[in-house]
Structure formats: C-alpha cells, structure tokens
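These notes are about the structure you will find just below.
The values are calculated or read from the model by the stated rules, or taken from the named source; none is laboratory data. Please read these numbers as outputs of a predicted model, since none were measured by experiment. Here the Cβ positions follow ideal geometry from the backbone for every residue, glycine too, while neighbour counts run over all protein chains shown.
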Amino acid sequence: MHIDIITCLPKLIESPFNDSILKRAQQKGLVTVDIIDLRSYATDKHKSVDDYAYGGGAGMVLMIEPVDRCISDLKSKRHYDDIIYMSPDGELLTQKVSNELSLKENLILLCGHYKGVDERVREHLITREISIGDYVLSGGELAAAVVADSVIRLLPGVLNDETSALSDSFQDGLVAPPVYSRPATYKGWNVPDVLLSGHEAKINSWKQEQAIERTRKRRPGLLE
Ligand code: ADE
C-alpha cells in the first residue's frame with residue numbers, strides 16, 4: 001500500500017511514522033508513506049496556500065490551485081483508489097471503514113487547515129471525506145495520522161501473532177476483553193483464576209463472555 005499525505009504543516013504529522021509499528025511496517029516494505037508539503041505547489045513567491053474567503057467571514061481557506069497542482073502531479077505517477085479529505089463533517093471513521101481502506105492500493109489523505117478548503121476541491125477532486133469524531137481539530141493532520149495508523153496496522157504482516165489485529169476491540173463488533181500480566185497477585189488484587197488455569201477452551205469462552213459483558217455495559221450501541 002502507498003499513502004500520500006498532503007499538508008501545509010508537514011512537521012505536524014511526521015513523528016507518528018518514525019516510531020514503533022508504523023515505522024516497522026515501512027521498514028518491512030509493507031507500506032510506503034510520503035508526506036507532501038503543499039507549499040511546494042504554491043504558485044507565488046510567498047509560497048501561499050491559503051487566501052481570504054469570498055463573501056467575507058473569519059478565517060482563511062486553502063486555495064484550489066496548489067491543491068489541484070499537487071493532486072494532478074501525484075495522479076500522473078500512480079492510480080489512486082481514493083482521494084480522501086479529512087473533515088469534521090465527513091463520514092465517521094469506524095473499524096469497518098479502516099478495514100475497507102486497508103484493502104486499497106494507493107490513497108491520498110488531504111489535510112484541511114484554517115476554515116477548510118475551497119469547496120471546488122471537494123466537489124471535483126475528492127472521492128471520500130472522513131471525520132475522526134464530532135469535534136473540531138485545528139487541522140486535518142492529527143486526523144490523517146489516526147486514519148493511517150488504524151489502516152496500516154491491519155495490513156497483513158504488520159502485526160505479529162501476539163499483537164494481531166484480530167483481537168482488537170471492534171474487529172468482531174465487540175470491545176476487547178480485559179487483559180492482565182504478572183504478578184498474579186498485587187496488593188491483594190488478583191488476576192481471575194481462569195486465566196491461570198492453562199485451560200485454553202475455558203479461557204477463550206471467558207474472554208468472549210467478558211467482551212460481550214463489557215460491550216453491553218460500555219458500548220451497548222454496538223450490540224444493536
Ligand atoms: N479536521 C478538523 N477536525 C477534524 C475531524 N474531527 N476529523 C477529521 N478531520 C478534521
């Protein structure tokens with residue numbers, strides 16, 4: 001998979017890709033990620049990428065020209081399955097959406113900033129819009145990092161057996177069961193006996209019961 005992230009603030013999004021699972025996924029050659037500075041597609045000597053909104057109102061708007069030049073340049077190099085705009089009014093990111101995106105070959109994530117992007121970009125260049133929740137961030141960069149992380153960890157070979165995405169919360173429509181590690185007793189707080197029993201079938205059914213119980217208590221909407 002290849003992901004291009006277009007931003008006017010590249011520093012805001014670099015670090016998540018330089019550590020841990022996302023770094024290893026790139027080192028293993030399972031994904032390539034390019035962070036593209038929108039300013040390098042600006043047309044004026046000040047490298048402007050934003051301008052005042054027509055009709056007035058507070059806040060600047062990302063201009064169509066640099067965005068179109070950038071996306072056209074990328075499209076001349078590869079075919080993209082989706083060109084995604086990160087926006088609080090987009091489709092809500094869920095595990096289902098991440099699973100779906102993990103099957104794609106090439107993706108662009110466009111990060112908005114200021115008051116957003118010229119609407120013509122959304123009308124003519126963008127194929128999908130994604131929100132990571134009903135709150136407003138200062139820009140799309142943190143949201144793009146969330147999308148990229150949730151998608152990359154699903155790519156075959158990124159996680160090993162112990163960290164397999166199959167045991168993640170939401171992967172089977174339930175939240176994950178509780179987990180424990182050594183010591184078995186701490187300050188009189190005990191790990192449930194069944195987990196120390198070595199009885200695999202019993203352990204698995206306990207985990208399943210716990211997942212259902214937790215989902216019922218914490219996220220009943222998932223069971224509907
Ligand atoms: N940009 C600003 N807020 C956002 C959000 N909640 N999701 C995606 N992109 C955003």
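Any chance you could count how many residues in region 140-155 are surrounded by fewer than 18 Cβ atoms within 10 Å (Cβ to Cβ) and either assigned to a helix (DSSP H, G or I) or modelled with pLDDT under 95 (or both)? So that I can check it myself, show each step before the final result.
First, pick out the residues of region 140-155 that are surrounded by fewer than 18 Cβ atoms within 10 Å (Cβ to Cβ): 142, 149, 155.
Right, trim to either assigned to a helix (DSSP H, G or I) or modelled with pLDDT under 95 (or both) and you get 142, 149.
Residues meeting the conditions: 2.
Of all residues being farther than 14 Å from residue 86 by Cα and of a type in the set (A, V, I, L, M) in region 140-164, which is farthest from the ligand (Cβ to nearest atom)? Just the residue, please.
If we take residues in region 140-164 being farther than 14 Å from residue 86 by Cα and of a type in the set (A, V, I, L, M), then 159 is farthest from the ligand (Cβ to nearest atom).
Could you figure out which of (1) outside any strand (DSSP E or B); (2) among the charged types (D, E, K, R); (3) loosely packed, with under 14 Cβ neighbours inside 10 Å isn't true of residue 39?
(3)
Among the residues of region 86-101 satisfying the criterion of being under 19 Å from residue 1 (Cβ atoms) and within 9 Å of the ligand (Cβ to nearest atom), which is surrounded by the fewest Cβ atoms within 10 Å (Cβ to Cβ)?
Taking the candidates together, the pick is 93.
What about residue 90, is it at pLDDT below 95 and of a type in the set (Gly, Ala, Ser)?
no
Among 112, 59, which is surrounded by fewer than 19 Cβ atoms within 10 Å (Cβ to Cβ) and in contact (Cβ under 8 Å) with a residue 40 or more places away in the chain?
Values: 112 fails: surrounded by fewer than 19 Cβ atoms within 10 Å (Cβ to Cβ).
One residue alone meets the criteria, 59.
Those residues that are part of a loop (DSSP other than H, G, I, E, B), acidic (Asp, Glu) and near the ligand (Cβ under 10 Å from one of its atoms), I need them from region 102-139; list them, please.
Step one: of region 102-139, the residues part of a loop (DSSP other than H, G, I, E, B) are 103-105, 112, 114-116, 118, 125-127, 132-138.
Filter again for acidic (Asp, Glu), leaving 105, 118, 134.
Hit for region 102-139 is 134, nothing else.
Scan region 16-35 and tell me whether some residue there is at pLDDT 95 or above, part of a strand (DSSP E or B) and surrounded by fewer than 17 Cβ atoms within 10 Å (Cβ to Cβ).
yes
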